[in-house]
Amino acid sequence: MKILRLEAIPYSIPYTTPLAFASGQVAHAEHVLVRIHTDDGLVGEADAPPRPFTYGETQASMKAIIDSVFAPQLIGLDPFDRGKVHAVLGRTMHNQVAKGAVDIALWDVLGKALRTPVHKLLGGFRDSMRVSHMLGFRPAQDLLAEAQRFREEYGISTFKLKVGRRPLALDIEACHVLREGLGSDVELYLDANRGWSANEALEVLRRTADVGLTALEEPCDAKEALSRRRLVQQSPIPIIGDESVPTAGDVSRELLSGGCSAVSLKTARSGFTEATEILGLCSGLGVDVTMGNQIDTQVGSVATVVFGAAHEATSRRAGELSNFLDMSDDLLADPLRIRAGRIQVPALPGVGAVIDEDKLAHYRQDATSPSPH
Ligand code: MUC
Ligand code: MG
């Protein structure tokens, strides 16, 4: 089998409830659907969500790097020769999200070629994952109402609250309002997206000591190495690295320098191959991992659940899988469902994200003719 052609299809779907957080806001899913065609007629697919404020990639840059740099080097390779594929991708620095989508699309090809769910190829540990929902910037009472609705409608009992880059009192108030309103059987943790200094983070941890938070994600920039290490040493709860740890090398640096004590794994920026390396590194070092959300569509959330449910260590904690609920529409032919707080792994060959072609035709932003490769 040989790679025949790559497509990078830009599309845009509006959010009904835009998500705002310390490092940005997302009101439209302006993503790229990556398709890899093989000479025996298989097509592998994956979603690439650019986060310019976090990784520097844009929808246009992802399309350009796939069309003009990755495609010419990958065409003609056998998708099973994963070492060759990754040597090619690794020659280009950065562009983690574009590489992640190419990697997942190739895994999709492998699963389809073997007529096997990729979830089984990766480990097949469970057939579903518990869901954690991410709450963006809103007044505290609105956040509580949203969390209560998600608990009642979907059975979700783990929430990640976005904090940072606004008065500390607002974040502290939101923590207390959520805990008082939701009771003690709900898990709450925070993500500041680099919106605080280490000292501010310590102050918030002191003033929320009675809230029972389970973790704090990316409190301040990883470049503030000394103060981050002090925060990790003094914090009573794990400090999760997220945007500071997109690659296995970054994970090594942050863990070994004491910049974080747990890791958020995101298939959107690490693909399945690098996510496997990161998972091995964390397991070997005895470090907890969480399956994170890159503000993913249903297509991206399927990839997260496929990887997360495949391993014991990634399915221990609830994965961030539900932000597609804030979108007005999606590309999946068979929409994802959250029941009793869980999402089921699709039992289909490949990754299992089947695209609705009418929806793609409706939301795609390019001409519908295939790209030159
Ligand atoms: C998160 O966990 O930080 C925000 C930016 C991004 O890349 O992912 C989200 C959620
Ligand atoms: Mg985060």
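Brief remarks on what is shown
- Listed residue (A87, A29, S12) projecting farthest to the positive dipole end of segment 3-116, Cβ model: A87
- Extent along the principal axes, Cα only, for segment 3-116: 42, 29, 21 Å, with the longest axis given first.
- Calculated from backbone phi, Karplus (6.51, -1.76, 1.60) coupling profile of segment 334-349 in Hz, x at Gly/Pro: 10, x, 5, 10, 10, 10, 6, x, 10, 10, 7, 6, x, 9, 10, x
- Antiparallel DSSP beta bridges within segment 120-344, percent to nearest 5: 15 percent
- Full-extension gain in nm, K120 to S283, via 0.36 nm per residue minus C-alpha separation: 56.7 nm
- Residue list for segment 100-135, given a label point 7 angstrom along the Cα-to-Cβ vector of R339 and an amide N cut-off under 19 Å: 126-132
- Positive-pole candidate from G100, T58, V289, dipole of the chain, charges at beta carbon: V289
- Helix-only mean residue ellipticity at 222 nm for the chain, each DSSP H run of n ≥ 4 adding -39500 (n - 2.57), per residue, nearest 500: -11500 deg cm²/dmol
- Rounded tilt (10° steps) of 267-285 against the dominant C-alpha axis of the chain: 60 degrees
- Rolling a 1.4 angstrom probe over the chain with all protein chains present gives an accessible area of which 52% lies on carbon and sulfur atoms.
- Surface/4 estimate of mean projected area, convex hull on alpha-carbon atoms of the chain, nm²: 16.5 nm²
- Each residue of segment 47-53 is assigned a 3J(HN,Hα), and the resulting list reads 9, 10, x, x, 10, x, 6 Hz, derived from the Karplus form 6.51 cos²θ - 1.76 cosθ + 1.60 (θ = phi - 60°), x at Gly and Pro.
- As a rough guide to protection, the peptides 60-66, 43-49 ranked by mean Cβ packing within 10 Å, highest first, stand as 43-49, 60-66.
- Distance from the Cα centroid of segment 119-163 to that of segment 302-361 is 13 Å (rounded to whole angstrom).
- GNM top mover of S235, S315, S261 - the chain, alpha-carbon springs below 10 Å: S235
- Protein-only accessible surface order, largest first, of Y15, Y55 at 1.4 Å: Y55, Y15
- Value of relative contact order over segment 230-373, rounded to a whole percent, pairs C-alpha under 8 Å and six or more apart: 17 percent
- Once C-alpha pairs closer than 8 Å and six or more residues apart are averaged by separation and normalised to the residue number of the chain, the relative contact order reads 23 percent.
- For the chain, the Cβ-based charge dipole about the Cα centre amounts to some 620 debye (Lys, Arg positive; Asp, Glu negative; other atoms uncharged).
- Per residue, the chain exposes an accessible area of 38 Å² to a 1.4 Å probe, with every protein chain left in place.
- For R5, the residues whose amide H sits under 5 Å from its own are H37, ignoring neighbours fewer than 5 places away on the same chain, with H placed 1.01 Å from N.
- For the chain, built as a Gaussian network whose Cα springs stay under 10 Å, the top-fluctuating residue of R115, R269, R179: R115
- Just checking the listed ones, Q298, Q96, Q141: in the Gaussian network model of the chain with Cα springs under 10 Å, the one fluctuating most is Q141.
- Taking amide H as placed 1.01 Å from N in the peptide plane, the amide H of L161 sits under 5 Å from that of L135, Y189, L190, D191, each at least 5 places away or on another chain.
The values are calculated or read from the model by the stated rules, or taken from the named source; none is laboratory data. As the structure is a prediction and not an experimental result, all values here were calculated from the model. Note that we place each Cβ from the backbone using ideal geometry, even for glycine, and neighbour counts take in every protein chain shown. Remember, those area values only see protein heavy atoms, side chains included, never the ligands or the DNA or RNA. Shrake-Rupley method; radii C 1.70, N 1.55, O 1.52, S 1.80 Å.
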